1. Can you give me the relative contact order of chain A as a percent, contacts being Cα pairs under 8 Å and 6 or more apart?
2. Can you tell me which of A:Ala34, A:Ala220, A:Ala98 moves the most in a GNM of chain A? Springs connect C-alpha atoms under 10 Å apart.
3. What is the gain in length, in nm to one decimal, between A:Thr193 and A:Tyr212 on full extension, counting 0.36 nm per residue of separation less the C-alpha to C-alpha distance?
4. Regarding chain B, what are the three Cα extents along the principal axes, ordered largest first, in Å?
5. What percentages, rounded to whole numbers, describe P(r) for the stretch B:87-144 computed over all alpha carbon pairs with 5 Å bin width beginning at zero?
6. Taking the Cα of A:Leu169, stepping 7 Å toward and past its beta carbon, and measuring to each backbone N in the stretch A:80-106: which are under 19 Å?
7. Taking a ≥ b ≥ c as the square roots of the eigenvalues of the Cα gyration tensor of the stretch A:34-225, is the shape rounded (a/c under 1.5), prolate (a/b larger than b/c) or oblate?
8. Setting aside same-chain residues fewer than 8 positions from A:Lys187, which lysines have a Cα under 30 Å from its Cα?
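No lab work stands behind these numbers, since they all come straight from the coordinates. What you see is a predicted model; the values in this text were computed from it and never measured. Virtual Cβ from ideal backbone geometry, glycine too; neighbours counted across all protein chains shown.
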Amino acid sequence: MKPVSLLLGSRLTFDVTILAPHVPFLLKGALLTAEACGLALVGSLAIGFLVAALRTSSSPLLSRAAFVYVDLFRNIPFIVQLFFFFYGLPEIGIYIDAFSTGVIALSIAGGAFSSDVIRSGILAIDPGILEAAEVSGLSKPVIFRKIVMPIALRTSIRPLGSVFINLILTSSILSTITLNELTGSAKIVASDTFRPFEVYAVLLVVYASLTYLVSLAISALHRHLNRDRMPEVA
Amino acid sequence: MIRARGVRKSFGSAAVLDGIDLDVHGSEVVSILGSSGSGKSTLIRCMNGLEKLDAGSITIDDFDVSLPKDLAEARKRSATVFQLFNLYPHMTALQNVTLAPIQVLKRSRAEAEATARSLLDSVGLGARADAYPAQLSGGQRQRVGICRALAMNPRYLLLDEITSALDPEMTAEVLSILAQLAKTGTTMVFVTHEIEFARTISSRIVFLDKGQLVVDLPTEEFFAAEGGMARPRISQFLSKMRKD
Ligand SMILES: Nc1ncnc2c1ncn2[C@@H]1O[C@H](COP(=O)(O)OP(=O)(O)O)[C@@H](O)[C@H]1O
Ligand SMILES: [Mg+2]
């Protein structure tokens with residue numbers, strides 16, 4: 001007990017009010033995180049549906065290419081992908097700013113995971129439903145948009161939620177490429193104030209609340225997409 | 001008319017359809033009988049283009065279902081009702097019925113919905129237009145399935161054991177709709193195990209056995225003692241069906 005209290009004793013106060021002047025700065029960081037994650041969410045969904053469509057397509061070439069993409073990006077640490085885009089590509093003359101790099105890298109990585117989830121959602125669709133659609137003369141793109149996507153989304157929305165939460169957590173790594181999002185600005189405040197304990201305690205709470213809100217939203221969306229299986233409101 | 005000539009289809013080494021010739025003219029109701037595994041569903045699936053023929057041809061109003069360009073037209077002229085309904089689970093009854101008219105026939109939403117509502121009304125589902133399939137009974141789902149097919153204003157209705165997933169009461173409600181359709185001159189190809197019902201609505205009965213069309217007779221002849229019943233295979237089948 002003694003050494004612990006001694007250690008604690010060396011810093012007697014836990015005072016978050018000390019952070020008050022830095023709140024606008026942290027908020028700016030949080031906003032950047034929200035923007036990057038929001039865009040990356042759209043990006044990974046778009047890539048996810050596209051790649052899932054390719055992987056379930058009848059063309060062996062397309063499905064093979066899609067498979068390679070998924071396998072590749074799922075098996076490389078995110079930070080390595082990020083460094084490659086941000087520090088590697090300029091060597092061959094491709095410059096992308098930190099924010100765009102972050103969004104693109106998150107979308108590509110998130111897209112690989114999303115496509116897997118969406119693909120199993122697509123494979124779970126009763127083939128009879130797709131046959132009914134085909135026989136009624138609907139074109140393939142219409143079937144994909146009006147039947148395949150919404151039905152796959154019904155079953156994949158929960159696992160997609162986990163992918164998005166992961167995306168938010170992973171976005172903290174963007175701080176390593178000079179992007180002062182939430183974690184990046186917290187780092188700056190911590191070193192400015194010499195109060196890492198308070199700063200990172202707040203950061204913990206903020207990330208936890210953010211992901212909790214997202215999981216609430218996912219649950220609500222899941223209920224909405226599966227509203228037909230809920231008791232009817234008379 | 002629907003015209004099948006020398007239709008062959010195998011899965012692996014098993015010949016499921018072994019040279020089928022069949023004509024279905026406008027306003028006819030042709031029932032296809034045959035024991036399980038005789039190839040009835042496969043024949044329907046060849047007609048609506050879900051299976052590719054190995055040999056022979058099927059034309060619907062002279063549109064060849066084996067030609068991609070013709071198939072689209074053939075599918076506009078025919079509509080299928082499925083044994084397991086195959087409704088779109090994420091859409092209401094109304095949306096199930098209006099989707100293809102809007103997307104394929106390019107009807108306006110208002111027009112498609114008006115048609116859909118009157119169809120749903122006519123099968124006693126007017127009040128359930130906004131219900132989802134999961135909220136409907138089997139019989140109600142199949143009635144939506146029929147409306148979805150009819151909304152395309154098809155010349156030919158292909159029906160594959162559409163009551164075999166239903167209990168007797170629901171079967172009766174679905175069959176009564178078919179009886180009405182038959183009266184209005186809708187052309188139907190009707191795969192069924194409901195022998196007695198087939199007898200009342202069919203103009204012709206066709207009997208499939210191991211992928212071959214062994215009998216094709218006007219209904220009365222089929223059931224006459226000296227007609228189809230004179231064949232042991234058919235009388236066996238019918239007495240077995242009636243027992244079940
Ligand atoms: N997709 C398929 N793959 C392999 N065999 C099939 C397939 N579809 C049908 N069959 C076989 O073809 C035969 C006829 O099937 P089907 O047309 O469904 O008969 P029915 O509808 O008269 O009961 C059955 O032996 C069945 O197992
Ligand atoms: Mg069958």
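1. 27
2. Residue with maximal mean-square fluctuation among A:Ala34, A:Ala220, A:Ala98: A:Ala220.
3. Extra length from A:Thr193 to A:Tyr212 when fully extended: 4.0 nm.
4. 53, 42, 33
5. Spelled out bin by bin, the stretch B:87-144 gives 4, 23, 32, 24, 13, 4, 0 percent.
6. A:80-82, A:106
7. Oblate, because a/c is 1.5 or more while a/b does not exceed b/c.
8. List returned: A:Lys28.
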